[in-house]
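See below for the structure under consideration.
Read-outs: derived from the displayed coordinates by stated rules, not from any lab. Computed from a predicted model, the values in this text were never measured in an experiment. We place every Cβ from the backbone using ideal geometry, glycine too, and count neighbours over all the protein chains shown.
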Number of protein chains: 2
Amino acid sequence: MSAKNFADRLLSLMDELQNPCCIGLDTRISFVPSFIKQEAAEKEDDAFEAASDAILEFNRRIVDATYDLVPCYKINSAFYELYGKHGIKAMKKTIKHIKKKGRVIILDVKRNDIGSTAEAYANAYLGRVELCDGTKTKSYFDVDAITVNPYLGSDGVLPFMEACKNYGKGIFVLVKTSNPSSSELQDRTLEQGDVLLFHLVSRKVDEWGQELVGSEYGYSSVGMVVGATFPEHAKICRNLAPRAIVLVPGYGAQGATARDVVHNFNDDGLGAIIHSARGVIAAYKTEKFGMPEEKFEEAARNATIEMIRDVLNALRHENKCRW
Amino acid sequence: MSAKNFADRLLSLMDELQNPCCIGLDTRISFVPSFIKQEAAEKEDDAFEAASDAILEFNRRIVDATYDLVPCYKINSAFYELYGKHGIKAMKKTIKHIKKKGRVIILDVKRNDIGSTAEAYANAYLGRVELCDGTKTKSYFDVDAITVNPYLGSDGVLPFMEACKNYGKGIFVLVKTSNPSSSELQDRTLEQGDVLLFHLVSRKVDEWGQELVGSEYGYSSVGMVVGATFPEHAKICRNLAPRAIVLVPGYGAQGATARDVVHNFNDDGLGAIIHSARGVIAAYKTEKFGMPEEKFEEAARNATIEMIRDVLNALRHENKCRW
């Protein structure tokens, strides 16, 4: 209970670094420059271990080249689970490296389950786990926040909130995702009133979040994921859950612009995290920031600086920039 | 493409073993007898590794004591993710052990994402993964089927279906979960007609599954999860997606009886997998099958035999038993 509220921690770091941007370590092996892959493959016979080593080395260099710029990193678990225990080790070491730099880590796992299973997921990523002697003293991943899928209802969210309360952590509940077919379920109109399913989920997020509002900034540690690709929907979510921090995917590579993402912010210039993965970490492969692969860190840094400038300009244009 | 259809493989194994039951390896450390935990803790200094070793030893013994009875095991990923890379190793070794016994493995991971991330999850658990040299030749987990959450719509399901097609695998889509608050989203009435959200998802499952119907039994490799705790809802799902195999949690420890689960079967006596975890693997701790912890395997075996008898009797009562 004494752990500092997650939302307060994240927002004070945004104030310190003067931007709300987040780099996504969705590190596909195809993003890793060939010289890193070759070196890893030469050192290590096990193909899963070599791939994981290459990904870890890439991540460390990206973090070293960008941590002075951004408050937050998001790690996409899928690209680590690919390599089994080897990938999980690389993920854990990436987490450790980011922690040393004092930055917030959101683990994008989209977990969902009920009862004791949800509790197990919550403890795995946010809390402490039970060991052979019955004690609960150790944490394995210990990230700051994870993403959670709400399809199972409150039973699938409350166990995660327990971990948030006990350990000062946060969750981001999927509300309106950035993909075209997100409309199939999330945009269905419900019988009562003129309400779409994702409106209902936004309201739930607001309700769940009440007891985790931080004293410093007034935002909740129960946030939500709202894709940047549907700006009109973003406005609605913003209104229905005003204290939730919105994790916004879709900027850059998925086609949304800085003008699209401003709707996720409140008038105080806070309330959203703008996230880019491929657009930053694979910037060296793009036309705009293209560089020889040996300079991938420099390209990532340039893309990050450009992203921050772009987002802050759009906020200024709407009179919402606090920095 | 040449891999045998998952549904055909599963159903022929059910015919061979003459029952549709599945044991859940939701192995919490608290289920593991203390003599196994002590031995593991003495052999291994690392507390995560010791816990994982104890869980693996427990699983192996449960499988050895029951594999001649059941066609299928379900592994709940949460209880392995708890211990990071150590737990993942125990999970992989459990998978390997079950494979040697020739039984089907469903990994309950409830994954969900879009585009290349969903593809990564699909490849992680069902397919092959890309390595440093750019080849895709190795599989890490390589289970027969996984569970998938549908909240993201078709974009979040189709990449998993690709893996099903390419590697002869299956998925079970969450439709109506067994928990009380599953009604919050899943039972919402939609504007068009008298349709609840989970009806819509059942229809989607039917639609997605069309191209993965097996030639031998006529069932699809796109199945669905429908909790046993709402029998009326189970009938509706059964009708809306007649070719989907229903993975049914909730029997036993969660309160549903064999009479409740029969609604998930078609008249041919097929179409459902009845799953019990705690009721079997922790049977030695119950009043009904209670035994000293040294005999936990015997208790698990007795509970399995009783479960099979119970389910088959209920099916016979409805004239739906084919064995």
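Values as computed for the structure displayed
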quantity: Listed residues A:M224, A:M307, A:M291, most fluctuating in chain A (Gaussian network, C-alpha, under 10 Å); calculated: A:M291
quantity: B:I273 long-range amide H proximity, modeled H, under 5 Å; calculated: B:V246, B:L247, B:V248
quantity: Cα gyration tensor shape for chain B, rounded if a/c is under 1.5, else prolate or oblate; calculated: oblate
quantity: Cα-centre dipole for the protein assembly as shown with unit charges at Cβ (Lys and Arg positive, Asp and Glu negative), debye to 20; calculated: 300
quantity: 10 Å Cβ neighbours from other chains, averaged over peptide B:57-68; calculated: 0
quantity: Prolate/oblate/rounded call for segment B:19-77, Cα gyration tensor, a/c under 1.5 rounded; calculated: prolate
quantity: Mean Cβ count within 10 Å, highest first, over the residues of peptides B:81-88, B:42-49; calculated: B:81-88, B:42-49
quantity: Shortest-first distances to equivalent copies, position A:G115, nm, label 7 Å out along Cβ; calculated: 3.8
quantity: Sequence-separation-based contact order of chain B, relative, with Cα cut under 8 Å and 6+ spacing, percent; calculated: 19
quantity: Antiparallel DSSP beta bridges within the protein assembly as shown, as percent of all bridges there, nearest 5; calculated: 15
quantity: Cysteines in chain A that, by Cβ-Cβ distance, have no pairing candidate under 4.7 Å; calculated: A:C21, A:C132, A:C164, A:C237, A:C321
quantity: Alpha-carbon centroids, segment A:267-323 and segment B:7-84: separation in whole Å; calculated: 46
quantity: Test item: A:177-183 mean partner chain Cβ contacts at 10 Å; calculated: 6
quantity: For residues of A:100-112, the mean tally of beta carbons on other chains within 10 Å; calculated: 2
quantity: Translational diffusion of segment A:50-205, µm² s⁻¹ [Kirkwood Rh, Cα pairs; Stokes-Einstein; 37 °C; 0.692 mPa s]; calculated: 192
quantity: Chain B: DSSP helices with Cα axial extent of at least 15 Å and average Kyte-Doolittle hydropathy no lower than -0.5; calculated: B:6-17, B:47-66, B:115-125, B:197-209, B:296-317
quantity: Helix-only CD estimate at 222 nm, as mean residue ellipticity for the protein assembly as shown, using -39500 (n - 2.57) per DSSP H run (n ≥ 4); calculated: -13000 deg cm²/dmol
quantity: Nm distances between copies for B:D64, ranked from closest, using label points 7 Å along Cα→Cβ; calculated: 4.8
quantity: Convex hull (Cα only) mean projected area of the protein assembly as shown, reported in nm² to one decimal; calculated: 27.0
quantity: Other copies of A:K100: label-to-label distances in nm, shortest first, labels 7 Å along the beta-carbon direction; calculated: 4.0
quantity: Whole-number D in µm²/s for segment A:186-323 (Stokes-Einstein; Kirkwood sum over Cα pairs; 4 °C, 1.567 mPa s); calculated: 80
quantity: Chain B - share of DSSP beta bridges that are antiparallel (%, nearest 5); calculated: 15
